Every structure is written in C-alpha cells, then in structure tokens.
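A short worksheet on the structure shown next.
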Amino acid sequence: MTEHDNNRITLSIRNLSKIFRGKHDQVQALDDVSLDIREGELFTLLGPSGCGKTTTLRCIAGFEKPSSGTIDFLGRDFTSIPPFRRNIGMVFQSYALFPHLSIYENVAYGLKIRKLSRRDIEDKVNRIIQLVGLEATQKRKPSELSGGQQQRIALARALVYDPQLLLLDEPLSNLDAKLRVYMREEIRRIQQQAKVTTIYVTHDQEEALSISDRIAVMHAGKISQIGSPDEIYENPISIRVADFIGQANFLACSVQTDGDPVLWFRSTEQITLENSSVSIRNFPDREGILFVRPEQMEISADANHPNSLRGEVKVILYLGSVVRYYIEIFQDHDPQEILVDQDRRVRGVELGDPVAVLVHGQDAKLFPAEQKRQLEQV
Ligand SMILES: Nc1ncnc2c1ncn2[C@@H]1O[C@H](COP(=O)(O)OP(=O)(O)O)[C@@H](O)[C@H]1O
Ligand SMILES: [Mg+2]
C-alpha cells in the first residue's frame, strides 16, 4: 500500500455518458458525468434509485462500455484495460459468497486463482480477516454467519488483493436498520485502516453524510452537486439537493431588496437575511423560497417578536437529543407546517400556544420559486 496523498487525483472521469439502447427505446443512464476521486478518500455517489449510480461503478469496473467520455486511473486510460487487470475490489448488495466454502477459503479463493504461494495466501488472508474482525469464524460456512458477518467477508474478499480502488454498491441494504448503522462505521474504519481509495454507492442520505469524505449527489444521470458532507448539508446548490438531504423547511416569500434582502411573508411579516448577497435579478416576479433547516430556527414565546414568523404549536416531540416542534405558520388560505428543532423544551411554550419563529438569517438560503415549480412538475 502506498503512502497516501490526499490531494492526488486517483481516478478522473470526464464527460461520461451511457445510453442503453433497446429494440424500441433507449435510456440515458449517465449524462455528462465528470468526477475526480482523490487518493485514499471515501467518495459517495448518492441519489434515488435509477439515477445512474450502479452504471457509473460498472463503467469504472469495466463491466459496461461508456457511450462517450473518458475514465483515467493515475493518468492511464482505464477503458482500454480489461476489467480483470484494473485491480479493483468490488462489493455488491448481494454478497455472492461461495456457500460450500469456508470463510477462510472464500477469502483465499481469488488469491489461489492468481496462483500466489501458499505462504503469501495465508499471510494476506489472515491479515484481512483480522482487519474485518472475523478471526473467530474463519472455519465456518457463510450460512453459519449473520448478515453483518457475511458483509465483512464480502469486504475481506474485495480487500485481500490490495486493490487500488474499492467499489461498494449499496453494501448495507440487506441488513436491518441497527446493523446498518454499526456496519457503516465499520466500513469507514476498515477503509481508513486499509487506506484504500473507495467509491461508495447509496440512496441513503444519512449513511452518505456519516461516512464520506466527499459526496456527489446525482439525479437522472447527472451530478447535481459535489462537496463534503457539511457543504452539501449546509450549502445545497438547489432546492432539489436541499430537499433530498436532511430535514428542510421551504417557505414561500417575496424578495424585496438587493444585498441583505428583506423578505416578506404573506405581506404582513418580514425577515431580513444577514450576510447573504442576493441579487434581485435572480428572482423574477420577486418570488423566493426560503430554505431553512429545523435546527436553524428558534422559538420565542413572545409572539410579536420582530424579524420572525408567527405561528401556533401543533405538536411537540421529545426525540432525546432534540425537541421537535411542529408549528403551523399562520396563512391566509394555505396553512403550512414547519419543523423547528430545539436543544431543549422552550420555557413557557405549550401545545396550542401562539409563538414567534426566529430564522437565523445567516444560515438560511434563498432560492428562486421557479426551481420549486420545476420540481413539482416532474
Ligand atoms: N443493462 C441495462 N439496460 C437498460 N437499461 C439499464 C441497464 N442498466 C441500467 N439501466 C437503466 O439505467 C438507469 C440507471 O440505472 P442504475 O445505474 O442501475 O441506477 P441506480 O444504481 O442509481 O439505481 C435506470 O433507468 C436503469 O433502468
Ligand atoms: Mg444501483
């Protein structure tokens, strides 16, 4: 394994497109995808089912031929190298373990095919089995292991060759919720110890946020945004990304001024956003959507608090680490419920009380209303 350099680009994908042509129709699975994967990082492709995640992995692995675009690995054109020479480890949703072989033999299988010496095979297999934490089970058959253990074996089998690149396609989707959380942390630990550059595929945004160095959010064969988990969460580039990642409130408003804009809600309440350079030109008809996360707001018992929205408490949920309030914002015709998370219960605020909701102006983001209309049309 090489000393890793976090800025070195390992894999570089440019303008990758893939069209599947059937007899009667065609599907554009990938549409002009460009990505740079850095050495040693865990890079996640995140998006809903059918957005092109698996197709991207299959193009990288060489199981699928791109319709156009390039894939370079450390400066070499990858597409001209046959799949078995690409030195890639892969784990799929179904682990595809050999049921009749022991755990040890499952992991050793590929090395035997590659005709390594017995000694080398033993060293490598033992080291990897230890890395994934399965020393105690190596004589057993896959059917004698739990789902989480089978997952570890699939990982061990992919890592035992010292691959230069590890591709994981929804590796946790066969596990129950609690085990998924545990195994994703294990995958992260193993990936960091093995220092292996990894591309991870999931449709689960929480999984992506918790384990990735960087995330590419995909939609309909395209990349919507690439960034670190906190960039994606705090600074989504569009309403689509904001809506897909985490909890979000979207509030229709009217944008009144440039610079730190003043937003009007239902022509009675107003909020000034601080530190946001908004150009009114981006808001035809002045219609905006204010995007704000539940934890970026504050509830005040003073219903006439300035720079806030007025509403009524509909539900209070105690969630352990936060208390979640559902507040119905007073509307003329179309009532809207918003989520507000507070660290603890707000004094003097009970169910049914009128309250003010303060928006932390520096955290909230404004999008043109047009974006939301486009989303609703699909
Ligand atoms: N072999 C194939 N033939 C035809 N269409 C395919 C094939 N593989 C994938 N697709 C289509 O390409 C799109 C992207 O699929 P996929 O990459 O599997 O998405 P994801 O992994 O994000 O769920 C989907 O519309 C899917 O139906
Ligand atoms: Mg898939």
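The values are calculated or read from the model by the stated rules, or taken from the named source; none is laboratory data. Everything numeric here is computed off the predicted structure, so don't read it as measured data. A quick note on method: Cβ atoms are made from the backbone with ideal geometry, for glycine too, and the neighbour counts reach across all protein chains shown. Protein only, heavy atoms only, side chains kept; ligands, DNA and RNA dropped before computing areas. Shrake-Rupley method; radii C 1.70, N 1.55, O 1.52, S 1.80 Å.
Couplings 3J(HN,Hα) of the range 303-312, computed from phi: 5, 9, 4, x, 6, 8, 10, 9, x, 10 Hz, in residue order, whole Hz [Karplus 6.51 cos²θ - 1.76 cosθ + 1.60, θ = phi - 60°; x for Gly and Pro]. Taking the helices alone, the chain has a mean residue ellipticity at 222 nm of -7500 deg cm²/dmol, built from -39,500 (n - 2.57) per DSSP H run of at least 4 residues and averaged over all its residues. Comparing Ala248, Val315, Pro171 along the charge dipole axis of the chain, the residue lying farthest to the positive side is Pro171, per the Cβ-charge model.
Rounded to the nearest 0.05, what FRET efficiency do Phe63 and Gln247 have when you use their Cβ-Cβ distance and R0 = 56 Å? Write out the running numbers ahead of the final one.
On the way: r = 37 Å, r/R0 = 0.66.
With R0 = 56 Å, the Cβ-Cβ based efficiency is 0.95.
The distance between label points at Lys115 and Asn7 comes to 4.3 nm (points 7 Å beyond Cα on the Cα→Cβ vector). Using a 7 Å offset from the Cα along the Cα-to-Cβ direction at both Glu328 and Thr257, what is the distance between the two label points in nm, to one decimal? Between Glu328 and Thr257, the label points sit 3.4 nm apart. Around Ile113, what is the net charge, scoring Lys/Arg as +1 and Asp/Glu as -1 over all other residues with Cβ under 13 Å from its Cβ? Once positives and negatives cancel, what remains is +3.
A Förster radius of 25 Å, combined with the Cβ-Cβ distance separating Val181 from Ile237, puts the computed FRET efficiency at roughly 0.35.
With respect to the chain, whose longest principal axis is taken over its alpha-carbon atoms, helix 177-194 is tilted by about 60°.
Once the Cα atoms of helix 103-113 and of the chain are each reduced to a long axis, what angle between those two axes, in degrees from 0 to 90 to the nearest 10, is obtained? Approximately 60 degrees, to the nearest 10. Return, ordered by residue number, the residues of the range 210-228 whose backbone nitrogen is under 12 Å from a label point located 7 Å along Cα→Cβ of Gln28. Of the residues in the range 210-228, 220-223 have backbone N under 12 Å from the label point off Gln28.
Dipole of the chain computed with +1 at Lys/Arg Cβ and -1 at Asp/Glu Cβ about the Cα centre; of Ala96, Phe283, Pro335, farthest Cα towards the positive end is Ala96. Of all the options Phe78, Phe250, Phe265, the one that moves most in a Gaussian network model of the chain with Cα springs shorter than 10 angstrom is Phe265. Let me know the whole percent of all Cα-Cα pairs from the range 1-117 that are separated by more than 18 Å. Summing the P(r) tail past 18 Å for the range 1-117 gives 62 percent.
Taking label points 7 Å from Cα along the Cα-to-Cβ direction, Arg373 and Glu298 give a separation of 3.6 nm.
Here the dipole of the range 247-377 is about 180 debye; that uses its Cα centre as origin and unit charges on the Cβ of Lys and Arg (positive) and Asp and Glu (negative).
Among Ile13, Ile280, Ile226, the largest mean-square fluctuation in a Gaussian network model of the chain, built with springs joining Cα atoms closer than 10 Å, belongs to Ile280.
Helix 118-131 and the long axis of the chain differ in direction by around 20°, with both axes built from C-alpha atoms.
Protection proxy ranking for 59-68, 81-90, 342-351, 235-244, using the average of other Cβ atoms within 10 Å per residue and placing the highest first: 235-244, 59-68, 81-90, 342-351.
Comparing Val313, Val322, Val181 in a Gaussian network model of the chain (Cα springs below 10 Å), the most mobile by mean-square fluctuation is Val322. Charge dipole (Cα centre; +1 on Lys/Arg Cβ, -1 on Asp/Glu Cβ; no other charges) of the chain amounts to roughly 2360 debye.
Solvent-accessible surface (1.4 Å probe) assigned to His219 amounts to roughly 60 Å².
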